[in-house]
Amino acid sequence: MKKSRYFLCLLTALCLLLSSGCSLFEKTTEPVTQQVTVAETTTQDDPSRLPECPVDLRDYMAENMEVYAYIVIPGTNISYPVVQSRKDDNYYLRRNWKGKRESSGCIFSQSANNIYFTDPITVLYGHNTDQGNMFSELLNYKDEKFFSEHNLIYVYVPNGTLVYRIFSAHTFDDRHILNSYDFSNPEVLAEFQQTLINPPVVEKTLLDGIILYPDSQILTLSTCAEPISGCKSRYLVNGVLINYVFEN
């Protein structure tokens, strides 16, 4: 049932794009900035050359029905299942993807996001740990060379692969993004997108010439800025969807 609902949701979104005469790479709406488009800063990857999911996602979903995706950033140790609790947004904060108590937690989203990655802003959370696992390696994006060499995020879902281009990485305060902004308001969304394109902070690494549109789908990876308890700042790595490949 979950898989069929996922397929129906994404198929509907695809049909809307096609019916409007545009694609993920050719937008007709007014962009946030007037530099270059996402299509001009990237290339459409050949689907046959996309890396395969390193695990069988169905096995994870069979063990825990709240697993709905698998995230990989090539060249890092970020390769984990993604979960969302149906009852408690913070359930997986100190539990692994199987739901067992574990201090490092796992990679999870909250109920403010759907599980289809179709929201304008999807936030995935993961701890910054002393062991260097979960989202600890996101802090490496402070280095421009690392940023340029590890600029794709792959999210595997039951019926395909989503590809995101990383366009910014920066510190942020500890506000709850999805509860602090009404992204159904186009002006609020555009302002927040601009904040991600050029964050008003000193500590940031950016991809020049990026444009975000009202229908851009952004994936934000969020972790503590320091591996200490009670850290009051966050470190965000942001990517925009550039490709979605359906499985046959």
Taking a ≥ b ≥ c as the square roots of the Cα gyration tensor eigenvalues, with a/c under 1.5 meaning rounded and otherwise prolate when a/b beats b/c or oblate if not, segment 29-246 comes out rounded
Compute the label zone of His176 within segment 86-113: residues whose backbone N is under 12 Å from the point 7 Å along Cα-to-Cβ. 88-91, 110-113
When the dipole is taken about the Cα centre of segment 29-246, and only Lys, Arg (+1) and Asp, Glu (-1) are charged at their Cβ, what size is it in debye, to the nearest 20? 660
By its C-alpha gyration tensor, with a ≥ b ≥ c as the square roots of the eigenvalues, how is segment 98-198 shaped: rounded for a/c under 1.5, else prolate for a/b larger than b/c, else oblate? rounded
Residues with beta-carbon under 10 Å from that of Gly99, excluding Gly99: net charge, scoring Lys, Arg +1 and Asp, Glu -1? +1
Proximal charge balance of Cys224 [Cβ under 11 Å; K/R count +1, D/E count -1]: 0
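All of the numbers you see were taken from the coordinates with simple rules; none came from a lab. Here the structure is a predicted model, which means the values were calculated and not measured. As a convention, Cβ positions derive from the backbone with ideal geometry for all residues, glycine included, and neighbour counts pool all protein chains shown.
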